[in-house]
Amino acid sequence: MPGFDEQELQSIDYKAFLGVEFLTWLYFQSESRGGAVFLPEKGDCRVAFERFVWMEQGEGPQLDVLVCRGLQSQLSEVRAGLLAGKKISRAHLHIAYGEEEFSVTVYGRSLDVSGLRFKGKNGTENTNDEEGLSREADVLEKAYLITQAVEVIERLFSLFLAKRLAFQAWEAERRGFREWLSRSTQ
Amino acid sequence: MGLLSTAVTFTRYKLLAPIPDDFWNWAHEKVVERSFQDREGLDEYVAGWTPFDRPFQSNIHLTDMSFAGFLVLGMRVDVRRVPSTVLKKYCALEEERLKQEKGLNRLSKKMLTEIRNNMRLQLLSRAIPVPSLTDFMWDIESGDVFLFARQDRLRMVFEDLFKATFDMLLTPVAPYSLAVSLLKADALKLKALEEVASDAWI
């Protein structure tokens with residue numbers, strides 16, 4: 001694969017800021033456009049930030065962290081954090097697309113995922129030997145849901161990359177971000 | 001914690017190596033070689049594969065791990081630990097005993113090290129192994145591998161066991177590696193990715 005060497009690929013921290021900027025950009029998209037993000041081939045996807053948002057600025061001993069909690073993640077606190085130059089390092093998201101809905105915590109620096117729950121799917125701990133078919137169905141359903149959720153997050157990340165890596169598009173996006181933030185904090 | 005939990009937590013990896021044509025027979029053979037085996041001994045940890053829904057069973061049939069295009073297995077890690085305060089206490093008792101036995105005021109550094117090493121092994125042999133269980137899922141077509149855990153210790157054990165079993169290197173999916181795989185052969189974008197730096201938005 002071009003563009004990187006083995007060691008860099010192994011390092012989770014290399015350009016990890018991209019994951020933090022992705023969550024921050026997603027928050028801007030979600031808040032400024034009523035939560036709707038258009039995903040090519042998937043259609044409209046609704047993204048809401050819920051329960052908590054972790055923000056950070058700086059690194060090492062200078063790392064400054066702000067945790068905003070609440071049903072709507074205390075929007076004013078998040079905006080104050082953004083105004084102070086902080087970016088979102090971890091967030092609990094609710095994402096809906098087509099007939100599927102899931103909630104998930106995404107960690108910006110690693111893109112790890114925790115607490116992934118699918119609406120209407122309670123999950124089972126099926127250990128009944130006589131229900132081999134049910135066991136297989138449970139595994140395949142969960143595997144399908146997980147891969148779909150991963151695909152949606154990946155597509156959102158792709159959208160972000162398309163803007164972030166194109167100079168003019170990114171300048172326009174940053175300008176839009178500043179204007180939105182200025183309007184929403186007045 | 002695992003694939004069928006209501007709330008799923010995972011670390012995602014990507015496999016870059018190609019897989020053999022006769023994948024399932026090959027994979028089953030490799031997995032059986034590394035299935036979990038209870039071992040007497042002084043290993044601090046023992047790790048191996050199990051059926052994902054029967055973590056205390058070592059026999060793994062192909063049907064236990066093959067689910068259409070997904071390979072799903074449990075990873076069992078039995079850990080023996082000697083808490084440092086316990087080790088300290090028994091070392092102190094042994095040091096006192098030896099001083100009295102040999103009529104010494106203090107013991108040499110070499111003797112202290114020897115006591116510590118012996119005591120650690122003695123205590124380790126008496127410690128009950130504590131099993132830690134997690135699942136993993138391998139999407140054969142896409143090369144995505146999901147370990148249903150985030151703890152560093154489990155990740156390291158998993159990466160080692162996976163490498164030892166399949167002789168394949170797992171690459172953790174992180175912002176940069178994901179960006180590289182999404183940009184594929186777009187040379188301009190890959191160049192931009194190399195040059196991009198964190199900057200202020202305000």
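None of the figures in this text is laboratory data; all of them are computed from the coordinates on show. Quick caveat, the model's predicted, so the values are computed rather than measured. Every residue, glycine as well, gets a Cβ built from its backbone with ideal geometry; the counts of neighbours run over all protein chains shown.
Here are the numbers for this structure:
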| read-out | value |
| --- | --- |
| Length gained when the stretch A:Thr185-A:Lys163 is fully extended (0.36 nm per residue, less Cα-Cα span) | 5.5 nm |
| Average beta carbon contacts from partner chains per residue of B:66-78, 10 Å cutoff | 2 |
| Average beta carbon contacts from partner chains per residue of A:139-146, 10 Å cutoff | 6 |
| Geometric extent, Cα atoms of the range B:25-135 - Rg, Dmax (angstrom) | 21.1, 71 |
| Average other protein chain Cβ within 10 Å of Cβ, residues B:194-201 | 6 |
| The range A:17-99: GluC sites (Glu not before Pro) in DSSP loop, at most 15 other beta carbons within 10 Å | A:Glu41, A:Glu59, A:Glu99 |
| In nm, spacing of pseudo-spin labels at B:Thr63 and B:Lys30 (7 Å Cα→C-beta vector) | 2.5 nm |
| Cα principal axis extents for the range A:75-120, largest first, Å | 38, 23, 15 |
| Packing rank of B:135-142, B:12-19, A:179-186, where each peptide gets the mean count of other beta carbons within 10 Å, highest leading | B:135-142, B:12-19, A:179-186 |
| Gain on full stretching of the segment that runs from B:Asp22 to B:Lys110 - 0.36 nm per residue minus C-alpha separation | 26.1 nm |
| Helix-only CD estimate at 222 nm, as mean residue ellipticity for chain B, using -39500 (n - 2.57) per DSSP H run (n ≥ 4) | -13000 deg cm²/dmol |
| Inter-site label distance for B:Met156 and B:Ala197 at 7 Å from Cα along Cβ, in nm | 3.3 nm |
| Neighbour net charge for B:Lys189 - beta-carbon separation under 13 angstrom, K R +1, D E -1 | +1 |
| Packing-based ranking, highest mean first, of A:80-87, A:33-40 given that Cβ atoms within 10 Å are counted | A:80-87, A:33-40 |
| Tail weight of P(r) past 32 Å, computed on alpha-carbon pairs of the protein assembly as shown, percent | 46 percent |
| Cβ-based charge dipole, the range B:20-138, positive-most Cα from B:Ser58, B:Ile115, B:Val46 | B:Ile115 |
| Three-way shape label, the range A:146-186, alpha-carbon gyration tensor, a/c 1.5 | oblate |
